[in-house]
1. Taking the conditions exactly as written (aliphatic (A, V, I, L, M), more than 10 Å from every other protein chain (Cβ to nearest Cβ) and either in contact with a helix residue (DSSP H, G or I) (Cβ under 6 Å, 6 or more places away or on another chain) or closer than 16 Å to A:SER187 by Cα (or both)), does A:ALA335 satisfy them or not?
2. Inspect all residues belonging to the range A:515-527 and state whether any of them is away from chain B (no Cβ under 11 Å), open to solvent by 30 Å² or more (accessible area, probe 1.4 Å) and touching an Asp or Glu at 6+ places or on another chain (Cβ under 8 Å).
3. If you scan the range A:292-332, which residues turn out to be away from every other protein chain (no Cβ under 11 Å), over 14 Å from A:SER187 (Cα atoms) and either not in a helix (DSSP H, G or I) or not hydroxyl-bearing (Ser, Thr, Tyr) (or both)?
4. Among the helices (runs of 4 or more DSSP H) lying completely within the range B:437-553, list those that include at least 2 residues that are basic (Lys, Arg) and at pLDDT 85 or above.
5. Applying the selection to the range A:333-356, what residues are hydrophobic (A, V, I, L, M, F, W, C) and assigned to a loop (DSSP other than H, G, I, E, B)?
6. Here is a check on your reading of the model: is A:PHE163 open to solvent by 20 Å² or more (accessible area, probe 1.4 Å), over 30 Å from A:ARG312 (Cα atoms) and either within 14 Å of another protein chain (Cβ to nearest Cβ) or at pLDDT 95 or above (or both)?
7. Considering only residues that are within 14 Å of another protein chain (Cβ to nearest Cβ) and among the aromatic types (Phe, Trp, Tyr), which ones fall in the range B:200-216?
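The values are calculated or read from the model by the stated rules, or taken from the named source; none is laboratory data. Since we're looking at a predicted model, the values are computed, not measured. All Cβ positions, even for glycine, are placed from backbone atoms using ideal geometry, and neighbour counts span all protein chains on display. When the accessible area is computed, the model is the full protein with side chains, heavy atoms only, and any ligands, DNA or RNA have been set aside. Shrake-Rupley method; radii C 1.70, N 1.55, O 1.52, S 1.80 Å.
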Protein chains: 2
Amino acid sequence: MIVSALLTSLGINFGLCILYFTLYSILRKQPGNIEVYAPRLVAEGKSRQESHFDLERLLPSTGWVRTAWQLSEEELLSASGLDAVVYMRIFIFSLRVFSVAGIIGICILLPVNYLGNELNDIDFSELPNKSVDLFSISNVKDGSKWLWVHFCSAYLITGVVCFLLYYEYNYISSKRLASFYASRPQSHDFSVLVRGIPVTSGSSFSNQVESFFTEYHSSTYLSHSVVRRTSKLQGLISDAEKLYKKLTHLKSRPGQKFQRNGFLGLFGRKVDAVDHTEKRLQDLEENVRIQQSDVSLIGEEVPAAFVSFKSRYGAAIAVHIQQAINPMQWITEQAPEPNDVYWPFLSSTFLRIWISKLLVIVASIFLTVIFLIPVVFVQGLANLDQLEILLPFLKRVLSITFVSQVVTGYLPSLILQMFLSFVSPIMKLFSSMQGYISHSQIERSASSKVLWFTIWNVFFANVLSGSVISQLKLFLDLKNIPSRLAAAVPAQLLNVYLPKFETGGKFWPIVHNSTIFTLILMQTIAIGIFGLKKLPLASSLTLPLPVLTLLFNEYCRKCFLPIFHAYSAESLIKKDREDHSDPAMGEFFDKLVNAYSDPCMRPLSYSDNADRHISPLLGPAQV
Amino acid sequence: MIVSALLTSLGINFGLCILYFTLYSILRKQPGNIEVYAPRLVAEGKSRQESHFDLERLLPSTGWVRTAWQLSEEELLSASGLDAVVYMRIFIFSLRVFSVAGIIGICILLPVNYLGNELNDIDFSELPNKSVDLFSISNVKDGSKWLWVHFCSAYLITGVVCFLLYYEYNYISSKRLASFYASRPQSHDFSVLVRGIPVTSGSSFSNQVESFFTEYHSSTYLSHSVVRRTSKLQGLISDAEKLYKKLTHLKSRPGQKFQRNGFLGLFGRKVDAVDHTEKRLQDLEENVRIQQSDVSLIGEEVPAAFVSFKSRYGAAIAVHIQQAINPMQWITEQAPEPNDVYWPFLSSTFLRIWISKLLVIVASIFLTVIFLIPVVFVQGLANLDQLEILLPFLKRVLSITFVSQVVTGYLPSLILQMFLSFVSPIMKLFSSMQGYISHSQIERSASSKVLWFTIWNVFFANVLSGSVISQLKLFLDLKNIPSRLAAAVPAQLLNVYLPKFETGGKFWPIVHNSTIFTLILMQTIAIGIFGLKKLPLASSLTLPLPVLTLLFNEYCRKCFLPIFHAYSAESLIKKDREDHSDPAMGEFFDKLVNAYSDPCMRPLSYSDNADRHISPLLGPAQV
């Protein structure tokens, strides 16, 4: 790639960015678009439907950017929860890392590289047609003293990134604890999921849960709800949902209202269809209600149950100590939030979950490795000469300088991004089949999969292409990964998404680990490059750097990671004691008893409630 | 190596074995040797000192072998504890694996290999001078159908070994649980070790422990003892020990008794020396007693303490739940048995332990890698031609057939064993510097180190020597590893050792893991050999074998390993409830309060008690 191609690519990206900003700032002001740009405000009834017209509505404005950036963390926390705050912190962290790396790269390393070899031969008019390799470390002479600038940069960047990581880990940890202390009692803090309830003849799973927890957790046990195989009921409910959609579609046709008012004639058949569908929906709902009311019809019990306790500490004890003599029985884990529960795998056997997990791991590895083929193919295509040979009719078009710059500078990354956009949904599908019992676990697992996918492909594609030269580019690429995780900006977090569940910032350790991995990779590459550039002393002196980075990581793991896994006895007991004198706890416990009922068991009311489907993107508002 | 050299080596080993058995069976019957061969019986006062002479005493006998093998597991359990039983099981497991592998190897694979290439050309008179490679898989023709016998053997051996592993894991797990249920209350089940007690001005560590556990474990907290830096007191005690040894030495000189009875003259100076030493010892003991009685003189408190609870379950809760908000404070772990405590690292800081651990890991890896040099050197020396060149004066001796057979067949393994004998003590020294707080942890860690050392050196030395041929030998070598761990036979366990501490069979998972590793290695080698032997189908069909083995291992980890890490709530609560009605518990709790006092604080009485040093090999009998 030559310099002018890089600049063209940069220009296109910048132009597109300005265009999207402008479009967004105009479109968001149109009243008709409010359901698209601020569905949450609509759902919460906070939107002001202003219908008067003014010119300002058609002009781009920047006020919303200021509003978005001025938003304080407290506002974000109260509006969207801790996860949103952590997303913001990840975004800010990425910006900081990128700024530091960018400043060092552009202001120090780039001039050093450019001047590295041909100090007396600078011709700036020739610059656009020179290869970008001129700015990479490959341009520096073997054994040159200038390489020590790179050496210092490696130490400097590692130091700064580790400092930023420590600062964020510390900050997010304290936020996580503060948010726990400030929180109202939450069902999942008081509940555990038990699996592997032993089969005993003559006793239902429900009875066994009752007797086990009354025996061994007599002072803290509150209630339980055994999971049932409700696939039949789910089938009925999904049928009802389909019928309801059909009905809404039929009703929304133009002129339909007229017919409903008693006009017979040409459209009589349609009125019949509506009435018929309504009748079928009502029958179906009646059927669901009958099944819900009779325990024997719901579906058989499976050996899994949600067990609730009278205190958080009681639940924590049940989670952290192996319950039964046989480690395969009475397996406990912290319950997810009631809305976060992913029901399909709760009724699966241990073996099925195990096999699913294995297959998913194999499939993920397969996808990750096999993806290299289209990437290499596309990258090869983007090579201008080969493209001209393969598609000779393009020869004339490609001879235009601008077009060739777009094709070599912009097209490869565009195509790669297009391919990459398929990966996230596939990985999420894989994760959902892996046996997880909560949506948040699925999301986190999918993130990790996409992350390792990206690292592997960027790294391996690079090794395959065989040039040590482009490794500096790789380093800058990888630095970008945390920001990929942080695709959310405030304006959107506030107005578009209603959080469906809250992980309490559990995404941060993934970002931390991937950043550490990136640092180690950068350092390893630096050691290799110093070796190739015949500066073995720099190579040896870089060796302590990965060791120190790993030690730093180990320290953070000891110091902060436990806070993201579980709350301490001290926190739990303090919080429990605070609640002890709270008169509202009685009501909470009443609710807790039914918090973990299967969604199939909730009353169905499609035929009465037509407004149900106006809800934000991420999930229905919780009743 | 040629066949006759192998047979010579076998003959020497067998001869030495018979010799040692004969010597042992005669020497053990001599009354004067009873303190060597059965020190435990002497210590327990069970030995019968028969002084009448009979001829039978001078003849070798085999009765003791029968007695040793007839010993039931119950007898061994009651006499020497669960660890001894598990050692026996490891020994039996190794014998079974070796028998199966040996039968398959000698009866099936060896004939197949020998007949593999030259079916029409068997000359048994030539056999002794042929290479042992004749019996290895290298002798089988490429692509031969006979290789499928090897393929079947790999599956058969894996199946049998996995079955035996499952059987033993299950058996030892149940024994471990049974031994827990049968045990009397033990201090370490009721106690935890707390480290990272926070520093607060104006409050001693002891006060802080008291207030923290009274606050958060009010119903189960019993007592605590804070660890103190007692190096000064330890110095005094070790001085006293040295003086005591000197005194014993002085007193035991011939004629000494006479002088003590009042004879002055030539030996007057020696009487003075004895008196002087006795005086110094008494002064030292007095000094120790003064220091022990005054808290301010003992040594400053360190931020670590043993905390005891009123129930096992109470202690388990404190161990399994992170105690403090700050994960670096109030770090708990299960306390070792009082005799098992290794005191030096209790007063170390977190950072010092961390650095020690790091240095030990580096040193162990260094030793493991660097050991290859003497091994390769010795193996090269054992090569006859090189030996003759290096040491020309040996030429005549080496030309004798028997000598050359000994040198090539027996010497290399003898020298290797000699070198290996230095490794165990070094690894144990390393482990003791790694920051462990119990002797049993040090022993287990040292075992693992020696194990990986052996695997690495056997495997890597083999790869370096470059012959795929000797890999079958390697496979048989590795199969032997579990038996190396089990160097104990009953007779010795019963009469020689008094167990100093009991791990409850925690050694077994190490044996399990190393056996699984061995299987995977064998399977990997098999896949490689089938490939080299141009039978790619067999290679591909062997691929599922390591996958299945790893799945089996994962299943065992889920099913049995938790039993070796901690006891379940069910077991603990049941046991606690049983004890609840036991009147002896009051007395136990009284003892428990002082169970974890520093050994420095025990009363010293060298000058009064001269018999103290007659105690069994492994450690003093517990008072």
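1. Yes.
2. No.
3. Selection gives A:GLN292, A:ASP294, A:VAL295, A:LEU297, A:ILE298, A:GLY299, A:GLU300, A:GLU301, A:VAL302, A:PRO303, A:ALA304, A:ALA305.
4. It comes to B:439-465.
5. A:ALA335, A:LEU346
6. yes
7. If the condition is that a residue be within 14 Å of another protein chain (Cβ to nearest Cβ) and among the aromatic types (Phe, Trp, Tyr), then B:PHE212, B:PHE213, B:TYR216 are the ones that fit.
Quick grid of which residues meet (1) at negative phi; (2) open to solvent by less than 60 Å² (accessible area, probe 1.4 Å); (3) modelled with pLDDT under 90:
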| residue | (1), (2), (3) |
| --- | --- |
| B:VAL403 | yes, yes, yes |
| B:THR408 | yes, yes, yes |
| B:MET418 | yes, no, yes |
| B:LEU429 | yes, no, no |
